[in-house]
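Asks: First the structure, then my questions, so here it is.
The values are calculated or read from the model by the stated rules, or taken from the named source; none is laboratory data. None of these values were measured; they are calculated from a predicted model. All Cβ positions, glycine included, derive from the backbone under ideal geometry; neighbour counts span all protein chains shown.
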């Protein structure tokens, strides 16, 4: 993951119109900072604090972004906030960015109606805020890349560039650095490139699979207009795709700048949070380091000592506690004796007890951790209380003010929040922006079991569980807070670069066809049940089944098989699985009688009879105990099945022992004999 | 001996029938040397002492050492094959497999290049590659091609060649014609080689280093008949296919060998003499890539490399245009004096430094020859102007002719005061005195070359 983050790069989108050349060099450089992610990857943490304010190495992420912009020479920044805009405003108002001597003027624009990046840019266009090229970033970008060179290139070119992310394959014209094609590769085994992108004059193309999109875009003013013109552009991906598809018609181009050094990354999920935090402490983002204290805030200063251990002022360490390496401790935090801390960040004003083991733990401010606690690769938010003897396995998240313990072990991936998981459903409309997209994206459900079992006797909060990841939006894959577990691509042997992004859909659904049949079966069952309860006529039932047949694209043969199966299973469905044979038969016979017209509708030709019998056989092979000639006999009596069909079925020797056994059933033999006699009798007649 | 050279000289030159219908392609004069001299010279320069030449009976008769003008150190082992049309290059290689004891360097007789051959061979050695090949940037032919005015050459299908970030590992190869549905690359290749350059506009020099086991593989698989068309794409693809699980029992081995012979390559790739090399690779900390922890070459047994010449001369003389271009470049590649000592040249004659005059030529007074090649035993009379032209052997040019941008084949006679511009004059043809021709094809059997344009008189 380190590798991926280090090969940072950035680019710029924009649109080229007829060569406009004014004295734009003199215009102040402007930036648009979108302080909202428009997704809920960090939910439920972001319920209490917007993502831009989440602390990364004890500094709010938006501060890194602003620092990056300011060092690039941006003189005017428009911060667009939506979710919890007041908090962001308060934070920035207190920071150095809003002081009068700041070289970067920060304006706030808030609106509750932004639901996507597209909305923001359309608003930018409507308000006509921008006069020249601008830099577009999110509020969670951490970067030390010098984009001035890219800016220069951009101005020279007066064309546009765009970045690409890891997980995205790009075809680049290597001479002009123009992006010709890009796509995400998740779940794809083969990469297709349409031929038309190779028709340009260049004879060299580059396909990159090793780039990380750091979401820094340099845009021409026309970009905002383009968003206005194309009201269906929601995200940057929409935009990039739209530009590339229409490139020949509209003449807009996107270019790419691959930064060979420097650091840039967007904290888009907790894996990235983990990665960027540890890179920060390991000083990969130099000159941005924890002790550089660029935010210029009271009490944020800390000292740097060997093995990348940083200590704020007023830190007290108990006797015998070890800080192995890569540890950052905020001011006025006290740590008890015999602790063992490595690769962790601890915020300000925390109280940590004795014998505590922290590894890759991210402890925010005002956290109380009692004795004998072990935390591994987890995030503990502000105000959390962890009682004695608690063990947090990998990838746990304790959201704001939760209480856990004592003496419990939280399994991997547990998310605890004071908010009830069901709240969101009702309040969904109120949560715009950060919350707007999700809802169905991540179905979370409350664990109905007693929380005290899992959270300990004094525990407070609810356990969030993300259920199936079925609904995937085109761009934003549903994923848990930590992203998904990294399953190595089954086809490829190993790839490290896939690490942080890897949002491969974890559970593959079975083939859709099978699925349809299953759904169809439940639908048929439901229809029949309703028919029984509401006394619906058989004609109508047939109509309904037929429409279902078309809806799920089921063949006639399958309809009959499924219908047979559903009817035969129906007694079990009604009364549970443990029925005696006689009970089963008494339940089944009236059903058969009632639905005989439905059957007759589907069982017409000789082949249908055989198919129907095969289905019956198949069912009774699974439920041998209930086998009896009675079913066949009543079917015969009800004219569902014909004599010829039954005789032919009987004469087909069973292929397996079981089905042979089935044919030797006493009752069946009698029935067959009776049929034969009847036949002779009728012939003799 | 590390490498055996195999020179493929049986091709008919079907793409330039104008020239080859009475001269065999390997013997076409380029800069007054037969075409085959160039690849032989290339081999000689780097120290090959033996070459296996695969050619036809007719050519064999003509291949005498003095004709080839080699220093005589090279031992030529000429092997004849018949039915040139039906035999592909791979078939030819199979034909000489008895003689092949080591890895082979296969090249074509129409290659004219000044490449430093060791670059290709070093790639082959350094990576213990299955195959290493040579490519060059495609040259645009600037000269006017005689007899083809107005005939826009149908745009040739481009080759798409994918190389890794170092520009040496050959990852992908396809012809535009096969890519109608778009270019498809497996993700696993991208994961192993995250930065791939797709290049077009490259010329395949038809020079290949092949491992001994590839030749064995060819012997086993008789259905592969062309090296360039079938074997090379197969090897390139094979680099990334999953190593076939070794079949469990003998039957399966035989079966799969019969079926496709794929496992052959796999088995041979790990054949016994590789044992030491494998051990070396295992014990070495060297790796061909970084970024993941997998072993060098990701454990692939088949590896293909390509050396791409960014500059320098590299032509394949397989079209008329390439032939003219090669003649233009020839003086730079030949170290011999441009004017043969036995040529008789009058004093009042201008012969440009970029021209070549062959042996026993007679050049008379007041003649000017610029940027041209005059073949052996040719006679040029007074007041003749020859520019940008190629005169093959035994051509006679009478007084007062003006020849520009043309190709005159062997033993042709140009009548006096003829004016020939951008024409192709067939061998033993006689051009009437005072004839004027522009942009024509003046060959003997036009009907045989139906596709070529009939001659057209120069308007007076």
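Asks: Scan (1) out of contact with any helix residue (DSSP H, G or I) (no Cβ under 6 Å at 6 or more places or on another chain); (2) over 22 Å from residue A:396 (Cβ atoms) for the single condition residue A:278 breaks and write down its number.
Replies: (2)
Asks: Among the residues of region A:324-346, how many are assigned to a loop (DSSP other than H, G, I, E, B) and buried (at least 19 other Cβ atoms within 10 Å of the Cβ)?
Replies: We begin by selecting, within region A:324-346, every residue assigned to a loop (DSSP other than H, G, I, E, B); these are A:324-326, A:330-333, A:336-339, A:343.
From what's left, buried (at least 19 other Cβ atoms within 10 Å of the Cβ): A:326, A:330-331, A:333, A:336, A:339, A:343.
Residues meeting the conditions: 7.
Asks: Considering B:205, B:177, which residue is farther than 22 Å from residue B:127 by Cβ and more than 10 Å from chain A (Cβ to nearest Cβ)? Let's see the steps before the verdict.
Replies: On the way: B:205 fails: farther than 22 Å from residue B:127 by Cβ.
From the options B:205, B:177, the qualifying one is B:177.
Asks: Let me ask something else. Only one of (1) in contact with a helix residue (DSSP H, G or I) (Cβ under 8 Å, 6 or more places away or on another chain); (2) surrounded by fewer than 22 Cβ atoms within 10 Å (Cβ to Cβ); (3) closer than 20 Å to residue A:119 by Cα fails for residue A:85. Which number is that?
Replies: The failed condition is (1).
Asks: Pull up region B:27-67, narrow it to residues that are touching a helix residue (DSSP H, G or I) at 6+ places or on another chain (Cβ under 7 Å) and farther than 21 Å from residue B:331 by Cβ, then point me to the one that is modelled with the lowest pLDDT. Before you say what the answer is, go through the steps one by one.
Replies: Looking only at region B:27-67, we keep the residues that are touching a helix residue (DSSP H, G or I) at 6+ places or on another chain (Cβ under 7 Å), and these are B:27-28, B:30-31, B:34-37, B:40, B:42, B:46, B:51-52, B:54-56, B:59, B:62.
Filter again for farther than 21 Å from residue B:331 by Cβ, leaving B:46, B:51-52, B:54-56, B:59, B:62.
Details: B:46: 88, B:51: 90, B:52: 91, B:54: 89, B:55: 86, B:56: 83, B:59: 80, B:62: 77.
By that ranking, first place goes to B:62.
Asks: Whether any residue in region A:353-365 is free of Cβ contacts under 8 Å to residues at least 40 places away in the same chain, within 16 Å of residue A:385 (Cβ to Cβ) and assigned to a strand (DSSP E or B) is what I want to check.
Replies: Yes, some residue in region A:353-365 is free of Cβ contacts under 8 Å to residues at least 40 places away in the same chain, within 16 Å of residue A:385 (Cβ to Cβ) and assigned to a strand (DSSP E or B).
Asks: Looking at this structure, is residue A:153 in a helix (DSSP H, G or I), at pLDDT below 80, away from chain B (no Cβ under 14 Å) and under 30 Å from residue B:166 (Cα atoms)?
Replies: Values: in a helix (DSSP H, G or I): yes; at pLDDT below 80: yes; away from chain B (no Cβ under 14 Å): yes; under 30 Å from residue B:166 (Cα atoms): yes.
Criteria met by residue A:153.
Asks: Give the residue that is farthest from the chain's Cα centre (by Cα), with candidates limited to residues of region B:285-315 that are within 27 Å of residue B:30 (Cα to Cα) and within 14 Å of another protein chain (Cβ to nearest Cβ). Working first, answer last.
Replies: We begin by selecting, within region B:285-315, every residue within 27 Å of residue B:30 (Cα to Cα); these are B:307-315.
From what is left, the residues that are within 14 Å of another protein chain (Cβ to nearest Cβ) are B:308, B:310.
Details: B:308: 15, B:310: 17 Å.
This residue is B:310.
Asks: Picking from A:630, A:668, A:675, A:613, which residue would you name as being crowded, with 17+ Cβ neighbours inside 10 Å, at pLDDT 80 or above and in a helix (DSSP H, G or I)? Give the steps one after another, and end with the answer.
Replies: Working: A:630 fails: at pLDDT 80 or above; A:668 fails: at pLDDT 80 or above; A:675 fails: at pLDDT 80 or above.
Being crowded, with 17+ Cβ neighbours inside 10 Å, at pLDDT 80 or above and in a helix (DSSP H, G or I) holds for just one of A:630, A:668, A:675, A:613, which is A:613.
Asks: If I ask for residues that are surrounded by fewer than 17 Cβ atoms within 10 Å (Cβ to Cβ) and out of contact with any helix residue (DSSP H, G or I) (no Cβ under 8 Å at 6 or more places or on another chain), which ones from region B:196-211 would you list? Show your work before the answer.
Replies: Step one: list which residues in region B:196-211 are surrounded by fewer than 17 Cβ atoms within 10 Å (Cβ to Cβ), which gives B:200-201.
If the condition is that a residue be surrounded by fewer than 17 Cβ atoms within 10 Å (Cβ to Cβ) and out of contact with any helix residue (DSSP H, G or I) (no Cβ under 8 Å at 6 or more places or on another chain), then B:201 is the only one that fits.
Asks: Scanning for something at pLDDT 80 or above, part of a strand (DSSP E or B) and surrounded by fewer than 22 Cβ atoms within 10 Å (Cβ to Cβ), does region B:79-100 turn up at least one residue?
Replies: If we filter region B:79-100 for residues that are at pLDDT 80 or above, which is where we start, we get B:79-81, B:88-100.
Those still in the list that are part of a strand (DSSP E or B) too: B:79-80.
Retained after the next criterion (residues that are surrounded by fewer than 22 Cβ atoms within 10 Å (Cβ to Cβ)): B:79-80.
Taking every residue of region B:79-100 in turn, at least one turns out to be at pLDDT 80 or above, part of a strand (DSSP E or B) and surrounded by fewer than 22 Cβ atoms within 10 Å (Cβ to Cβ).
Asks: Residue A:90 versus (1) at pLDDT 85 or above; (2) touching a strand residue (DSSP E or B) at 6+ places or on another chain (Cβ under 9 Å): which is the lone unmet condition?
Replies: Of the numbered conditions (1) at pLDDT 85 or above; (2) touching a strand residue (DSSP E or B) at 6+ places or on another chain (Cβ under 9 Å), the odd one out for residue A:90 is (2).
Asks: Do we have any residue at all in region A:95-106 that's closer than 17 Å to residue A:71 by Cβ, touching a residue at least 40 places away in the same chain (Cβ under 8 Å) and part of a helix (DSSP H, G or I)?
Replies: Yes, there is a match, as at least one residue in region A:95-106 is closer than 17 Å to residue A:71 by Cβ, touching a residue at least 40 places away in the same chain (Cβ under 8 Å) and part of a helix (DSSP H, G or I).
Asks: Okay, moving on. Taking the conditions exactly as written (within 11 Å of chain A (Cβ to nearest Cβ), in contact (Cβ under 8 Å) with a residue 40 or more places away in the chain and under 18 Å from residue B:298 (Cα atoms)), does residue B:171 satisfy them or not?
Replies: Values: within 11 Å of chain A (Cβ to nearest Cβ): yes; in contact (Cβ under 8 Å) with a residue 40 or more places away in the chain: yes; under 18 Å from residue B:298 (Cα atoms): yes.
For residue B:171, the condition - within 11 Å of chain A (Cβ to nearest Cβ), in contact (Cβ under 8 Å) with a residue 40 or more places away in the chain and under 18 Å from residue B:298 (Cα atoms) - is met.
Asks: Given the criteria buried (at least 22 other Cβ atoms within 10 Å of the Cβ), within 12 Å of another protein chain (Cβ to nearest Cβ) and at pLDDT 85 or above, does residue B:236 qualify?
Replies: No, not satisfied.
Asks: Restricting attention to region A:224-277, which residues are over 28 Å from the mean Cα position of the chain (by Cα) and at pLDDT 80 or above?
Replies: Within region A:224-277, A:224, A:225, A:226, A:228, A:229 meet the criteria.
Asks: So, one more: Suppose we keep only residues that are over 17 Å from residue A:118 (Cβ atoms) and part of a strand (DSSP E or B) within region A:206-228. Which one would you say is farthest from the other protein chains (Cβ to nearest Cβ)?
Replies: A:218
Asks: Looking at region B:430-443, which of the residues that are modelled with pLDDT under 85 and not in a strand (DSSP E or B) is farthest from residue B:389 (Cα to Cα)?
Replies: The residue in question is B:443.
Asks: Go over the candidates B:347, B:335 one by one and state the one that is more than 28 Å from residue B:16 (Cα to Cα) and surrounded by fewer than 16 Cβ atoms within 10 Å (Cβ to Cβ).
Replies: Details: B:335 fails: more than 28 Å from residue B:16 (Cα to Cα).
Answer to the check: B:347.
Asks: So, in region B:186-195, how many residues would count as being crowded, with 23+ Cβ neighbours inside 10 Å and either more than 7 Å from chain A (Cβ to nearest Cβ) or under 31 Å from the mean Cα position of the chain (by Cα) (or both)? Reasoning before the result, please.
Replies: Going residue by residue through region B:186-195, those that are crowded, with 23+ Cβ neighbours inside 10 Å are B:190-193.
Those still in the list that are either more than 7 Å from chain A (Cβ to nearest Cβ) or under 31 Å from the mean Cα position of the chain (by Cα) (or both) too: B:192-193.
Here the count works out to 2.
Asks: Continuing with this model, one more query. Filter region B:124-172 for residues that are part of a strand (DSSP E or B) and surrounded by fewer than 20 Cβ atoms within 10 Å (Cβ to Cβ); which is modelled with the lowest pLDDT?
Replies: Within region B:124-172, the first condition is being part of a strand (DSSP E or B), and the residues that meet it are B:131-137, B:159-163, B:169-172.
When the remaining residues are screened for being surrounded by fewer than 20 Cβ atoms within 10 Å (Cβ to Cβ), the result is B:137, B:159.
Working: B:137: 86, B:159: 82.
Per the criteria, the residue is B:159.
Asks: All but one of (1) closer than 23 Å to residue B:165 by Cα; (2) more than 14 Å from every other protein chain (Cβ to nearest Cβ); (3) modelled with pLDDT of 80 or more; (4) surrounded by fewer than 16 Cβ atoms within 10 Å (Cβ to Cβ) hold for residue B:223; state the number of the condition that does not hold.
Replies: Failing condition for residue B:223: (1).
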